[in-house]
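The values are calculated or read from the model by the stated rules, or taken from the named source; none is laboratory data. The model shown is predicted, which means the values in this text are computed figures rather than measured ones. With ideal geometry, Cβ positions are generated from the backbone for all residues, glycine too; neighbour counts draw on all protein chains shown. In case anyone asks, the SASA skips ligands and DNA or RNA and just uses the protein heavy atoms, side chains included. Shrake-Rupley method; radii C 1.70, N 1.55, O 1.52, S 1.80 Å.
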Amino acid sequence: MRQNLIHAALVIGLAAGLASCGDQAAVVAEAEAAVALAEFPERPLWGDTHLHTDNSIDAFGFGTRLGPDEALKFARGEEVTATTGLKAKLARPLDFLVIADHSDGLGATKRLYDAPRFLIRDETLLRWHDMMHESPEGSQRAVAELITAASNGTLPEALRDQSDAEENTREIWTDHLATIDKYYEPGVFTPLAGFEYTLMPDGNNLHRVVMFRDGYDRTSTVLPYPGLDGAIDQLWDYMDAYEKATGGKALAIPHNSNVSNGLMFELTDSKGGPMSAAYARRRALREPVVEATQIKGDSESHPFLSPNDEFASFGDVGWELGNLPLTAGKDDSMLAGEYLREALKRGLSIEQRTGANPYAFGMIGSTDSHTSLATADEDNFFGKHTGNEPNAKRALESQNLGTREGRFGWHYLAGGYAAVWARANTRAEIFDAMMRREVYATTGSRMVVRLFAGFDFTEADWQGDWVRAGYTRGVPMGGTLKEQGKAPTFLISALKDPEGANLDRVQVVKGWVSADGQTQEQVYDVVWSNMDTRVQVGGKVPAVGDTVDRAKATWTNTIGAPELRVTWTDPDYRPGQRAFYYVRVLEIPTPRWPLYDAVRFGYQLSPDALADAVAQERAYSSPVWIGPATGAAATATALFDRNRLSRAKRLG
């Protein structure tokens with residue numbers, strides 16, 4: 001039935017789209033063709049792949065009144081007025097943006113809010129309508145109830161039946177696509193089409209952002225795919241159908257695995273059966289990157305899974321209590337299915353058994369802001385939603401996304417950014433970089449991180465064109481090395497955010513499958529600031545220090561280093577080992593947004609909040625894998641190799 005609906009949507013939309021948009025597509029194509037492609041990516045492009053506007057069912061209910069136009073203006077550096085009346089502006093513009101409004105109930109709360117009261121027949125909808133008009137607080141309570149109802153499968157039928165709302169959905173979607181085309185400036189600023197698929201069985205978060213490579217002529221031929229229930233395979237079916245019908249491309253980005261209660265990275269397929277090689281390959285190709293960090297916590301690691309990692313707990317507090325709306329608690333046995341490092345290890349194990357790795361993914365960060373304001377800056381945090389835009393209470397107030405209580409404002413992070421190593425700022429180049437996983441995540445800092453892996457890199461490479469050496473004699477982050485019976489060597493470079501904090505250290509996180517078939521992990525400190533004086537003790541690098549003045553929310557760059565680079569060879573590699581390596585870069589301690597708020601509004605944080613008010617911002621590179629080039633990793637490597645060959649041919 002769903003397949004039929006997908007087909008119908010494609011056919012109907014295709015006819016309408018081709019009749020009206022050919023000229024616009026030609027204009028866009030001409031502008032893209034005028035953008036010069038660098039031989040190799042020269043700088044990371046900064047963006048957010050996960051922003052909500054007033055078209056999202058929850059964002060409007062939470063109070064947001066800014067739409068895609070304001071969101072795009074803000075992202076490209078213009079000043080806008082936030083819903084609560086504050087002026088909002090980024091210190092530095094973003095290079096790209098994906099507005100990912102929820103596909104389920106697109107525009108529904110806005111329609112409910114505007115509907116004449118006497119026409120609303122459903123008692124629950126009528127009550128929510130009245131609550132939204134009662135006060136901002138009432139509106140937020142209505143959305144909390146809506147989220148809980150969605151997790152419990154008790155949404156009113158009018159919100160579940162997508163066919164009744166298809167006309168409205170199509171109008172909102174096509175208007176949105178036309179808007180992002182209007183703001184597309186190839187080479188300067190790139191909006192990409194996307195939506196959020198909100199699969200949430202029993203409140204366990206299995207959400208994905210779907211991102212398209214294409215413009216209006218193709219994306220307007222489909223509607224955003226709804227997903228409150230069903231199985232993830234159905235989303236992949238939708239993506240297959242889209243690509244087959246249009247020749248376009250789409251990818252999906254899982255996020256907030258940390259509130260999935262163990263379901264995001266299972267060892268089984270979506271039906272609970274053994275994971276086949278075909279299923280593993282399909283997942284890896286459909287989901288080449290995962291959101292590692294965002295406002296609702298950080299999913300890279302957890303102390304229970306990585307007890308020897310002293311930095312594993314960043315962004316975990318509050319989010320380990322249970323699923324998204326806290327309708328179900330969590331126990332430690334669920335954590336292995338939630339955190340990315342463990343998923344990467346599970347991927348190796350599955351690959352060893354089946355020949356294909358379902359979890360060969362790269363890592364990005366994003367915001368998941370529901371304010372239309374894509375900012376992950378600690379000193380410019382506009383909140384998860386409009387109800388907690390800057391005010392004197394938000395850090396210490398209870399802030400829950402359902403009706404159950406347990407999380408507080410300070411549990412929320414400022415968010416993250418996606419850094420993309422693309423050759424130019426165009427839709428195709430950004431999308432293709434994500435497909436080959438040449439991307440990394442940050443928790444809001446704009447530090448520059450490069451990682452190359454090969455077998456013959458030496459210190460001498462730093463004296464020449466080391467980027468060219470990295471690309472021509474090795475693979476960048478996201479790539480795969482074919483095993484050669486010797487240890488891999490890495491060129492690793494990290495530059496501080498030019499407007500941010502110095503760097504503390506660079507670490508390499510390795511995961512592998514041991515001879516007895518068990519997955520293992522090791523974190524190596526490979527280079528750090530002031531190595532002459534910070535001598536390792538018991539295998540640990542001493543703490544970098546702390547310059548943060550808690551009373552003023554200030555810090556200085558009198559510790560740390562502006563740049564760290566190293567040539568590093570794995571000392572523990574064993575021939576034939578199947579392994580991954582990714583880089584984690586830590587800044588020196590700096591204030592988090594609750595401390596900036598406390599100083600700005602003049603109040604005291606609670607002891608728990610104050611203890612968490614200073615943190616070491618960080619970056620996570622996508623991994624490099626080593627092992628037999630099989631399965632999903634081989635497919636991704638082949639894609640990268642084809643791109644590199646094509647690039648070489650163009651250069652002549």
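Report those strands (runs of 3 or more DSSP E) wholly inside the stretch 469-533 carrying at least 1 residues which are touching a residue at least 40 places away in the same chain (Cβ under 8 Å) and among the aromatic types (Phe, Trp, Tyr).
489-495, 503-513, 519-528
Within the bounds of the stretch 445-453, is there any residue that is part of a strand (DSSP E or B), surrounded by fewer than 21 Cβ atoms within 10 Å (Cβ to Cβ) and out of contact with any Phe, Trp or Tyr (no Cβ under 6 Å at 6 or more places or on another chain)? Looking for residues that are part of a strand (DSSP E or B), surrounded by fewer than 21 Cβ atoms within 10 Å (Cβ to Cβ) and out of contact with any Phe, Trp or Tyr (no Cβ under 6 Å at 6 or more places or on another chain), one finds at least one in the stretch 445-453, hence yes. Condition check for residue 217 on (1) of a type outside the set (A, V, I, L, M, F, W, C); (2) more than 24 Å from residue 94 (Cβ to Cβ); (3) out of contact with any Cys (no Cβ under 7 Å at 6 or more places or on another chain); (4) part of a helix (DSSP H, G or I): one failure, at (3).
Residues in the stretch 250-257 include at least one that is aliphatic (A, V, I, L, M), crowded, with 24+ Cβ neighbours inside 10 Å, over 23 Å from residue 299 (Cα atoms) and at pLDDT 95 or above.
Give the residues of the stretch 545-564 that are over 26 Å from the mean Cα position of the chain (by Cα) and charged (D, E, K, R), sorted by residue number. Scanning the stretch 545-564 gives 546, 549, 550, 552.
Within the stretch 534-563, how many residues are in contact (Cβ under 8 Å) with a residue 24 or more places away in the chain and in a strand (DSSP E or B)? Lay out the reasoning, then the answer.
Taking the stretch 534-563 as the starting set, the residues that turn out to be in contact (Cβ under 8 Å) with a residue 24 or more places away in the chain are 540-541, 544-548, 550-555, 557, 559-563.
Then drop every residue that is not in a strand (DSSP E or B), which leaves 540, 554, 561, 563.
Qualifying residue count for the region: 4.
Each residue in the stretch 364-408 was checked for being in contact (Cβ under 8 Å) with a residue 60 or more places away in the chain and not in a loop (DSSP other than H, G, I, E, B), and 11 pass.
Pairing residues of the stretch 81-100 that are free of Cβ contacts under 8 Å to residues at least 12 places away in the same chain with residues that are small (Gly, Ala, Ser), at Cβ distances under 8 Å and at least 6 apart in sequence or on separate chains, gives 81/88.
Here residue 307 fulfils each of the conditions (1) under 26 Å from residue 229 (Cα atoms); (2) modelled with pLDDT of 95 or more apart from (1). Check whether at least one residue in the stretch 530-541 is touching a strand residue (DSSP E or B) at 6+ places or on another chain (Cβ under 8 Å) and acidic (Asp, Glu), and report yes or no. The answer is no, given that none of the residues of the stretch 530-541 is touching a strand residue (DSSP E or B) at 6+ places or on another chain (Cβ under 8 Å) and acidic (Asp, Glu). Of all residues in the stretch 494-512, those that are open to solvent by 10 Å² or more (accessible area, probe 1.4 Å) and more than 17 Å from residue 589 (Cα to Cα) total 1.
Small (Gly, Ala, Ser) and either farther than 16 Å from residue 584 by Cβ or in contact with a Pro (Cβ under 7 Å, 6 or more places away or on another chain) (or both): does that describe residue 306? Spelling it out, it is not the case that residue 306 is small (Gly, Ala, Ser) and either farther than 16 Å from residue 584 by Cβ or in contact with a Pro (Cβ under 7 Å, 6 or more places away or on another chain) (or both).
Residue-by-condition table, conditions (1) open to solvent by less than 10 Å² (accessible area, probe 1.4 Å); (2) part of a loop (DSSP other than H, G, I, E, B); (3) closer than 20 Å to residue 253 by Cβ; (4) aromatic (Phe, Trp, Tyr):
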{"residue": "336", "(1), (2), (3), (4)": "no, no, no, no"}
{"residue": "342", "(1), (2), (3), (4)": "no, no, yes, no"}
{"residue": "348", "(1), (2), (3), (4)": "yes, no, no, no"}
{"residue": "357", "(1), (2), (3), (4)": "yes, yes, yes, no"}
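Apart from one condition, residue 63 fits all of (1) of a type in the set (Gly, Ala, Ser); (2) open to solvent by less than 10 Å² (accessible area, probe 1.4 Å); (3) within 20 Å of residue 140 (Cα to Cα); the exception is (2). Within the set 344, 340, 324, the sole residue that is at pLDDT below 95 and within 20 Å of the chain's Cα centre (by Cα) turns out to be 324.
Checking each residue in the stretch 368-416 for being aromatic (Phe, Trp, Tyr) and either open to solvent by 20 Å² or more (accessible area, probe 1.4 Å) or touching a Pro at 6+ places or on another chain (Cβ under 6 Å) (or both) picks out 408, 410. Tally the residues that are open to solvent by 10 Å² or more (accessible area, probe 1.4 Å) and more than 17 Å from residue 36 (Cβ to Cβ), restricting the search to the stretch 417-435. Number of matching residues: 1.
Among the residues of the stretch 113-125, at least one is over 25 Å from the mean Cα position of the chain (by Cα), of a type in the set (A, V, I, L, M), part of a helix (DSSP H, G or I) and surrounded by fewer than 24 Cβ atoms within 10 Å (Cβ to Cβ). Can you find, within the stretch 226-249, the residue that is surrounded by the most Cβ atoms within 10 Å (Cβ to Cβ) among those that are part of a loop (DSSP other than H, G, I, E, B) and modelled with pLDDT of 95 or more? Checking each candidate, the answer is 248.
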